[in-house]
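**Q** Structure incoming, see below.
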Amino acid sequence: MADVVVLGSLNMDLVAEVDRLPQPGETLTGRKFSTVPGGKGANQAVAVARLGMATAIVGRVGADAFGQALRAQLKRDRIDISALQIHDSLPSGTALIAVSPLNNQIIVTPGANGALDENDLARLIPYFERAKVLMLQFEIPLSVVEKATALAYQAGLTVMVDPAPAYGPLAADFCEYISILTPNQTEAALLSGQSVTDVASAIAAAKMLQQQGITAVIVKLAEQGAVCVTATDSFVVPAFAVQAIDTVGAGDAFNGGLAAALCQFDRFNRHYERATLEPAIRYAHAVGALAVTQSGAQSAMPTADRVDAFLRQHEVTTLGQH
């Protein structure tokens, strides 16, 4: 079985590297093109698996060459894909990505990801007996995400929701089952209805979201670090300064690091406080920092040894020793 189970998307990423992102209507000449496995669900599963956690993924791919390649990559990372279904009529999901040195633009076509339904929940539930963390994103039908969140929370798992892509306010009866919500700056603004431009406004948005019933809200602010708000506290965890060359998958790397850090705690631990969340976020920052120094999404996810060495280099206590 698995310590972490991911219910989420799998896409083949079609990546063009550019010096800067194009303006609307503008055509640019790219530096390089590549086809690499991606999708927020698969990216997060690989991130967790590389950090040494037993990992499983529940999702769907098409009966096409992209689907075969996506399954093969997950197998190489020793991820349990026994609950990964092959859709006979829909293609695998794809993502068109333009990557500049400082940012990226992404267009996702769901394909088989959009066909996830309650049958996939039936394949998910058996993992709840052992798993500690369920990771979810919004690249699959929201109704499936909402039902899975409630089931996992009631089963005692930590439920991590990455609201990407964000569409608007979250339902109140959905929020009460979310252990940790991890929006980035743009997503926090869309979910809260407030502008998020700096640490202070990120904390304000996170407080609004947390008050809807979410246990903890962590807003990712790239080089500004991350803010965390719980029912009793709010604090900032600075990011590590690195020379980024590819930010695709940075948020997924962060979430994978956070899930791996939280796996050291027992199930049914509802007490997410600064003493436990701050070192977990710092570990997640390290995973994200290493990921952006490499090209690609899944290919850039670091191993636990690399993360521990990075933290020692920055004089931060490694996972399991704080």
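**Q** Among the residues of the range 112-146, count how many are crowded, with 24+ Cβ neighbours inside 10 Å and small (Gly, Ala, Ser).
**A** 2
**Q** Which numbered condition in (1) crowded, with 21+ Cβ neighbours inside 10 Å; (2) farther than 29 Å from Arg31 by Cβ; (3) not aliphatic (A, V, I, L, M) is the only one that Phe66 fails?
**A** Unmet for Phe66, out of (1) crowded, with 21+ Cβ neighbours inside 10 Å; (2) farther than 29 Å from Arg31 by Cβ; (3) not aliphatic (A, V, I, L, M): (2).
**Q** Ala152 fails exactly one of the following numbered conditions: (1) closer than 30 Å to Glu223 by Cα; (2) crowded, with 21+ Cβ neighbours inside 10 Å. What is the number of that condition?
**A** (1)
**Q** Mind checking which residues of the range 206-222 are of a type in the set (S, T, N, Q) and touching a strand residue (DSSP E or B) at 6+ places or on another chain (Cβ under 6 Å)?
**A** Gln210
**Q** Could you tell me which of the residues Val133, Val145, Val108, Val161 is under 19 Å from the mean Cα position of the chain (by Cα) and either without any contact (Cβ under 8 Å) to a residue 40 or more places away in the chain or at positive phi (or both)?
**A** When all the criteria are applied, what remains is Val161.
**Q** Okay, moving on. Report yes if some residue within the range 38-56 is closer than 17 Å to Val133 by Cβ and of a type in the set (Ser, Thr, Tyr); otherwise report no.
**A** Yes, some residue in the range 38-56 is closer than 17 Å to Val133 by Cβ and of a type in the set (Ser, Thr, Tyr).
**Q** Quick one: which of Ala275, Ala260, Ala309, Ala286 is part of a helix (DSSP H, G or I), over 15 Å from Val46 (Cα atoms) and touching a helix residue (DSSP H, G or I) at 6+ places or on another chain (Cβ under 6 Å)?
**A** Selected residue: Ala286, the only one of Ala275, Ala260, Ala309, Ala286 that is part of a helix (DSSP H, G or I), over 15 Å from Val46 (Cα atoms) and touching a helix residue (DSSP H, G or I) at 6+ places or on another chain (Cβ under 6 Å).
Values quoted throughout were computed directly from the atomic coordinates according to the rules given, and no laboratory measurement underlies them. If you're wondering where the values come from, they're calculated on a predicted model, not measured in any experiment. With ideal geometry, Cβ positions are generated from the backbone for all residues, glycine too; neighbour counts draw on all protein chains shown.
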